[in-house]
Each structure stands twice: as C-alpha cells, then as structure tokens.
Amino acid sequence: MLNFEKLGKKNISFVGLMGSGKSIVAKKIARLAKLKLYDTDKLIEKEAGHSIEDIFREKGENHFRKLEEKIVINVLNQDNCVISLGGGSILSKNVRKIIEKNSFSIYLKVDINILSDRLKNSRRPLLVNTNKKEKLIELFNQRKKYYSNSSLIIENNKNANQVVEEIINKLKIDEKTNYI
C-alpha cells in the first residue's frame, strides 16, 4: 500500500484532457500499488444508467456536469485509492478544492497533435461535429490553469508503460513493498 501520510493526501487522482491516458495509467498504477481504482466516467454511466454520450444528447452538458460533480466529490473523499477523473471535472471549483485537500493529483500532459491523432475517430460528446484539434486547443486553454496546479505533471506522449515507470520513479513506489 502507498504511504499516503507521507504524501500528505488520502488518494491519487489523474487529471488531463480526454485521450490523455488517465484511465489506462490509473488502472496500471492501482494494480501495481494494490489499491482500489475508481474511474469517474464509468461511475457516472453506472449511476445514470446511460452512456455519457446519451446523457449529453438527452439532458445536456449542464446536467452531466452536475452529476459528475456529485460523483467526483464522493470519490475524492475516499481513502487509499487511485482515481481517474473525467477531463472536465476540474472545471468545478468544488472539485478543485477537494482535489487540493485530499488528492495527490497527477496531470497527464499530452501534445495536442498527439491527442488529436488519438481521438480522430472518437465520438465523445464535446468532439462531435467539430474540428477535433481546434476543440482540443479550446478545452486545453480553458483548463490549463487548473491542470498546472497538479501535484505532479507527467508528459504522456509515449506509451502507458513508460508513463507508469516514470510515475513509479517519481513517487518512489517500491514494487516489492508497494510503499512510497
């Protein structure tokens, strides 16, 4: 188990734009550290009984953001876990306060050209019927001031295993004892 006392936090959360690898990297870190994993997008879909795409289409982004805030705040109050946060959850002031208080946050920063390529066939609600690269630049510009406040910033322009290795080294996770 990770030494969260040493980190001064209750959990680890991953933030970043859609397509930045939060879900994949969080899953690998949780498995390595033997911690519970929460993927807030999956929790939202479970709670709503609909896909995120359906929620956006049927009830709109405002409804989605309210539901997201409720679920994310609940998860950020959990101890000893790894959390993959939806890219836009950081827009909520309440969410940002709880991240700062409870969570060792890791921003997975990805070059916009790489993100655009990763998401070229995506049907994510914010990218439908738009120029994906322009929309990603717009989203990044709206969110970068929040992402930059993360506890750790990791460039994720490579494969997930390299990123996990870098996080392990930065957090000094011992693979035998799983302690920082």
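Each reported figure results from applying straightforward, stated rules to the coordinates on display, with no laboratory input. All values derive from a computational prediction rather than experimental measurement. Note: ideal-geometry Cβ built from the backbone for every residue, glycine included; neighbour counts use all protein chains shown.
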Query raised in the report: If you line up the long axis of helix 132-147 against the longest principal axis of the chain, both from Cα atoms, how many degrees apart are they, to the nearest 10?
Result: 40 degrees
Query - Overall dimensions of the chain by Cα: Rg and Dmax, Å - result: 15.8, 48
Query - Sparse-neighbour loop sites [GluC sites (Glu not before Pro); segment 95-180; at most 12 other C-beta within 10 Å; DSSP] - result: 175
Query raised in the report: How far is it, in nm, from the label point at residue 94 to the one at residue 114 when both lie 7 Å from their Cα along the line to the Cβ?
Result: 3.4 nm
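Let me make sure I get this right: for segment 61-110, a, b and c are the square roots of the gyration tensor eigenvalues over alpha carbons, sorted descending. Under 1.5 in a/c it's rounded, otherwise prolate if a/b > b/c, else oblate. Which is it? Walk me through the intermediate numbers first.
Values: a/c = 1.76, a/b = 1.26, b/c = 1.40.
It comes out oblate by the Cα gyration axes.
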Query raised in the report: Length gain on complete extension for the stretch residue 144 to residue 34, per 0.36 nm per residue less the alpha carbon to alpha carbon distance?
Result: 36.5 nm
Report task. Any of 101/145; 10/101; 97/170; 70/97; 59/132 with alpha carbons more than 20 Å apart? Name them for me. Result -> 97/170; 59/132
Query raised in the report: Between 44, 136, 151, whose Cα lies farthest towards the positive end of the dipole of the chain when Lys and Arg beta carbons carry +1 and Asp and Glu beta carbons carry -1, centred on the Cα centre?
Result: 151
Report summary line: Per the 1/(1 + (r/R0)^6) rule, R0 = 35 Å and r from the Cβ atoms of residue 79 and residue 131, FRET efficiency to 0.05 is 0.25
Report summary line: Here segment 8-14 yields Karplus 3J(HN,Hα) values (6.51, -1.76, 1.60; θ = phi - 60°; whole Hz; Gly and Pro given as x) of x, 9, 9, 7, 10, 10, 10
